[in-house]
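Read-outs throughout are calculated quantities, based only on the coordinates presented, and are distinct from any laboratory measurement. None of these values were measured; they are calculated from a predicted model. For neighbour counting, all protein chains shown are included, and Cβ atoms are generated from backbone atoms with ideal geometry for every residue, glycine included.
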Amino acid sequence: MNSRLAFLLPLLALALPAAEPTVDEIVQKANQVSYYAGKDGRAEVEMTIKDDKGGTRVRKFVILRLNGEDGAQKFYVYFKEPADVRSMAYLVWKYAGDKDDDRWLWLPALNLKKRIAPGDKRTSFVGSDFLYEDVSGRNLAEDTHELKETTDQFYVIRNTPKKPDTVEFSYFLVWIDRETFLPRKAEYYDKNDKLYRTVEATKVETIQGYPTVVESVASDLRAGTSTTNAFSGVEYDLGLNDNIFTERFLRRPPREIR
């Protein structure tokens with residue numbers, strides 16, 4: 001090979017634009033950025049639920065997360081305010097692969113530990129416009145993914161359920177930031193191709209090097225209601241103990257909640 005050509009080849013390679021990721025790479029990275037920052041995490045959440053007449057209710061809770069192997073995770077949510085939900089707790093064991101999550105809800109007023117069936121994961125999370133599934137994320141294997149558009153700022157992904165009879169939506173679109181891979185907006189469409197629900201990351205900050213949603217809003221366009229989650233005290237890599245994420249702690253909060 002000509003020595004001059006051999007010298008130019010690596011320079012030409014550097015000058016070529018980086019190849020765009022595949023749609024599977026985009027959704028995998030977005031899922032990682034959204035739900036797997038650090039080895040574990042903690043945040044305090046103030047949830048403001050707004051009804052169709054403008055009235056509001058506020059709930060406060062703490063959420064803990066612990067990453068496991070191969071995508072497995074555990075989540076623990078403990079409610080502090082108001083009095084009618086105080087000491088209520090929610091526990092999720094999220095498994096690798098396509099195995100259904102295990103979910104439990106502790107209702108202290110009834111002295112009842114309730115198992116949440118897989119079919120109920122797309123129901124309202126404690127009366128808000130967020131769903132149980134929003135807390136721990138939707139399994140990527142449940143949908144097919146198609147890159148619909150690439151803009152200067154976003155990858156727009158269409159997600160279509162593989163089992164449409166098990167969900168209320170026909171498909172949903174997600175806008176994923178091309179720089180951080182953090183999803184910024186999701187739009188859900190019903191069986192008549194009508195937009196009925198949105199979830200949007202309205203405020204984002206970088207915390208301990210991780211792009212982090214510090215405010216998100218879910219809106220039910222049919223009911224005219226919305227819910228805002230404001231996150232504070234966000235921390236990563238705390239060294240949380242796996243024992244926290246057990247049914248035993250549903251009835252009494254661990255010290256990490258206080």
Taking amide H positions as placed in the peptide plane 1.01 Å from N, state which residues far from Val234 in sequence (5 or more) or on other chains have amide H under 5 Å from it.
Glu44
Run the helix sum for the chain: -39,500 (n - 2.57) per DSSP H stretch of 4+ residues, divided by residue count, reported at 222 nm to the nearest 500 deg cm²/dmol.
-3500 deg cm²/dmol
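Structure shown: which of Lys60/Lys203; Lys29/Lys74; Lys39/Lys185; Lys39/Lys114; Lys99/Lys194; Lys53/Lys80 lie over 21 Å apart, alpha-carbon to alpha-carbon?
Details: Lys60/Lys203 19 Å; Lys29/Lys74 19 Å; Lys39/Lys185 25 Å; Lys39/Lys114 28 Å; Lys99/Lys194 30 Å; Lys53/Lys80 26 Å.
With Cα atoms farther than 21 Å apart: Lys39/Lys185; Lys39/Lys114; Lys99/Lys194; Lys53/Lys80.
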Tilt relative to the chain, helix 3-15 - C-alpha long axis, 0 to 90 degrees, to 10:
30 degrees
Answer with one residue from Thr123, Tyr189, Pro82: the one whose Cα lies farthest towards the positive end of the charge dipole of region 80-202, charges on Cβ with Lys, Arg +1 and Asp, Glu -1.
Pro82
In order through region 127-133: 3J(HN,Hα) via Karplus (6.51 cos²θ - 1.76 cosθ + 1.60), integer Hz, x for Gly, Pro
x, 9, 8, 7, 10, 3, 5
If you line up the long axis of helix 23-35 against the longest principal axis of the chain, both from Cα atoms, how many degrees apart are they, to the nearest 10?
40 degrees
How large is ³J(HN,Hα) for each residue in region 56-73, as worked out from phi by the Karplus curve 6.51 cos²θ - 1.76 cosθ + 1.60 (θ = phi - 60°), to whole Hz, x for Gly and Pro?
10, 10, 10, 10, 10, 8, 10, 10, 10, 9, 9, 7, x, 9, 6, x, 5, 8
